[in-house]
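Please treat every number below as a calculation from the coordinates, not as lab data. All values reported here derive from a predicted model rather than from experimental measurement. Ideal geometry is used to build each Cβ from the backbone, glycine not excepted, and the neighbour counts take in all protein chains shown.
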Amino acid sequence: MYITSVDIFRYDLPLSPPFTHASSGTVTHLQEVYVKLTADTGEVGWSEVRGNCEYVTGDTPERIVAVLQHRLAPCLLGKNPLQRNAINRELDRLIAGNSAARAAIDIALLDLAGKHYHIPVAQLLGGIVQSSFASDATIAFGTVEQARQEATDYLQAGFRVLKVRVGTDRVLDLARVAAARERIEQLGLTEEVLFCVDANQGWSVKEAAIRIAQYAPLGVEWLEQPVPAEHIAGLKALKQMSTIPIVADESCKSIADVARIAAEDAADIVHLKIVKAGSIANLQQMMSIAEAFHIPVMLGQMDEGRLATAALLHAAAASNAKHFEVWGFQRVKAEDDPASALMVENGRVHLPAGAGLGISVDENRLHKVVSLSL
């Protein structure tokens, strides 16, 4: 068995409504890159990665496509796709960084292997230990009334982890957090709901310390990425003084990052994502380091389409993680996504059934930009 062709596609997923946070500004579309690997047997493997993640990984759709076309894809032709470890090792030697492009290859290899063996990707990763995931639901920037309404909608839909985006306007942020908390209390769900805020690198250490004092009385139970990604010392300082657990997200871009955070005791929780890790293989190593240091893991994603979400769900299904952010496709209407649907029920996202990732892709809706073959 060997790879006969690599096709690369682009497709923009419109967001309804758009989202904004402190790092990204306003995003109206998810600029996705899709990869299709075809084997001589006729079997195919698919992947999807978010392209417009320059505020976290430095990637753009154009950069991802170029790296795939000129560096990674040519190395795949003629290779046995079932030899994933050997392929990943070769790509490690070939190019550093470029985590989204690397993730696209690893996910597609796993999808292809799962289809070849007629088993879910999670089985290839060690077996399914959980098959549905209580996701957080994120309250975007907006007015106080919008925060109150979003909180109401999510809670009534069964979500029991709410996260409020903060990090821009101090007064408005506080009012939005208070409004969301008020709805939790009014609905009698105080004991059931995990209530969080995410600053997306929006503050200095001093600003974060002030915000912690303001948010703690509102029942905020964790604060995600308060300071810039590279400021590990700042994370550590906040962890030592904070009454609210500190979550590292953008700071966890590599295996080495997680090892440093663990060794320096710089965060209470680590938020890990495939597109940052560069592969599911790397993601599993990052989880192992966190577990060795008894640091809870949250598995999440950028806002992405359903195919990319499915890849994370399979990694989650084979993990011991207890916290999840797998609701990133919420603002993409099903009819606007070329990938098939995911089941969401009472605040839980379910692992897709079937071989590989368990997701079908309408190739006719995608825009092919590169095609390489033997």
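How big is the shadow of the Cα convex hull of the stretch 192-256, averaged over all directions, in nm²?
Mean orientational projected area (the stretch 192-256, Cα hull): 4.6 nm².
Given +1 on the Cβ of Lys and Arg, -1 on the Cβ of Asp and Glu, and no further charges, what dipole in debye does the stretch 132-350 carry about its Cα centre, rounded to the nearest 20?
Charge dipole of the stretch 132-350: 220 debye, to the nearest 20.
Suppose we take every Cα in the chain and form the convex hull; what volume per residue is that in Å³?
Cα-based convex hull of the chain, divided per residue, equals 120 Å³.
Determine the relative contact order of the chain: mean sequence separation of Cα pairs under 8 Å and six or more apart, normalised by residue count, in whole percent.
Answer for the chain is 22 percent.
In straight Cα distance, which lysines are under 22 Å from Lys322, not counting same-chain residues fewer than 8 positions off?
Lys163, Lys239, Lys253, Lys273, Lys276
To the nearest 10 degrees, how steep is helix 84-94 against the longest Cα principal axis of the chain, on a 0 to 90 scale?
Between helix and principal axis, roughly 80 degrees.
Out of the DSSP beta bridges found with both residues in the stretch 132-350, what percent are antiparallel (nearest 5)?
20 percent
Based only on other Cβ atoms within 10 Å, what is the fewest-to-most ordering of Ser5, Ser204?
Sorted ascending by nearby Cβ count, the order is Ser204, Ser5.
I want to check the label-to-label distance for Glu182 and Ser16. Put each point 7 Å from Cα in the C-beta direction and report it in nm to one decimal.
In this crude label model, Glu182 to Ser16 measures out at 3.1 nm.
Of all DSSP beta bridges in the chain, what percent run antiparallel (nearest 5)?
Once the DSSP bridges in the chain are tallied, antiparallel ones form about 60 percent.
Which of Ile210, Ile119, Ile105 moves most in a GNM of the chain, Cα contacts under 10 Å?
Ile210
Which order do Leu112, Leu194 fall in if you start with the one that has the fewest other Cβ atoms within 10 Å?
Starting with the residue having the fewest Cβ neighbours, the order is Leu194, Leu112.
Working from Cα positions, state the angle (0 to 90°, nearest 10) between the long axis of helix 306-317 and the longest principal axis of the chain.
For 306-317 against the chain, the angle is about 80 degrees.
Which residue, Ser47, Pro245, Ala101, has the largest displacement toward the positive end of the dipole of the chain when charges sit on each Cβ (Lys, Arg +1; Asp, Glu -1)?
So the residue we want is Ala101.
Using alpha carbons only, how many angstrom separate the centre of the stretch 151-171 from the centre of the stretch 198-246?
18 Å
Apply 1/(1 + (r/R0)^6) to the Cβ-Cβ distance of Leu94 and Thr41, taking R0 = 30 Å, and write down the FRET efficiency to the nearest 0.05.
Here the calculated transfer efficiency is 0.70.
Work out how much length Glu207 to Phe293 would gain on full extension: take 0.36 nm times their residue separation and subtract the Cα-Cα distance, in nm to one decimal.
My answer for the length gained is 28.1 nm.
Taking the chain as a Gaussian network, where each spring joins two C-alpha atoms under 10 Å apart, which residue of Ala134, Ala248, Ala292 fluctuates the most?
Greatest mean-square fluctuation among the candidates belongs to Ala292.
Under 10 Å from the Cβ of Arg170, count the other residues' Cβ atoms, weight Lys and Arg +1, Asp and Glu -1, and hand me the total.
-2
Return the calculated 222 nm mean residue ellipticity for the chain, to the nearest 500 deg cm²/dmol, obtained by summing -39500 (n - 2.57) across DSSP H runs with n ≥ 4 and dividing by the residue count.
-10500 deg cm²/dmol
When the dipole is taken about the Cα centre of the chain, and only Lys, Arg (+1) and Asp, Glu (-1) are charged at their Cβ, what size is it in debye, to the nearest 20?
For this selection, approximately 540 debye.
Assuming R0 = 35 Å, what is the FRET efficiency of Ser131 and Thr168, from their Cβ-Cβ distance, to the nearest 0.05?
The pair Ser131/Thr168 has a calculated efficiency of 0.40.
Please state, to two decimals, what the Cα-based radius of gyration of the stretch 117-249 comes to when divided by 2.2 N^0.38 Å (N = residues).
In units of the globular-protein estimate, the stretch 117-249 measures up at 1.19.
Take the eigenvalues of the Cα gyration tensor for the stretch 161-208, scale each by 5, and report the square roots as semi-axes in whole Å, largest first.
After scaling each eigenvalue by five and taking roots: 23, 11, 7 Å.
Count charges around Phe195 for me, please; just the other residues with Cβ under 15 Å from its Cβ, Lys/Arg as +1, Asp/Glu as -1.
With Lys, Arg at +1 and Asp, Glu at -1, the neighbours total -3.
Once phi is turned into θ = phi - 60°, what whole-Hz ³J(HN,Hα) does the Karplus curve with 6.51, -1.76 and 1.60 give for every residue of the stretch 126-131, x standing for Gly and Pro?
Here the 3J(HN,Hα) series is x, x, 7, 10, 7, 10 Hz.
For the residues Asp7, Asp153, what sequence is obtained by ranking on other C-beta atoms within 10 Å, fewest first?
Asp153, Asp7
State the Cα centre-to-centre distance between the stretch 334-368 and the stretch 74-110 in whole Å.
Cα centres, the stretch 334-368 to the stretch 74-110: 23 Å.
If you line up the long axis of helix 232-241 against the longest principal axis of the chain, both from Cα atoms, how many degrees apart are they, to the nearest 10?
Relative to the chain, helix 232-241 is tipped by roughly 40 degrees.
Please find the FRET efficiency linking Ala259 to Ala66, where r is the Cβ-Cβ separation and R0 is fixed at 41 Å, and quote it to the nearest 0.05.
For R0 = 41 Å, the calculated efficiency reads 0.85.
How long is the stretch 132-350 along each principal axis, judged by its Cα atoms, biggest number first, in Å?
45, 42, 28
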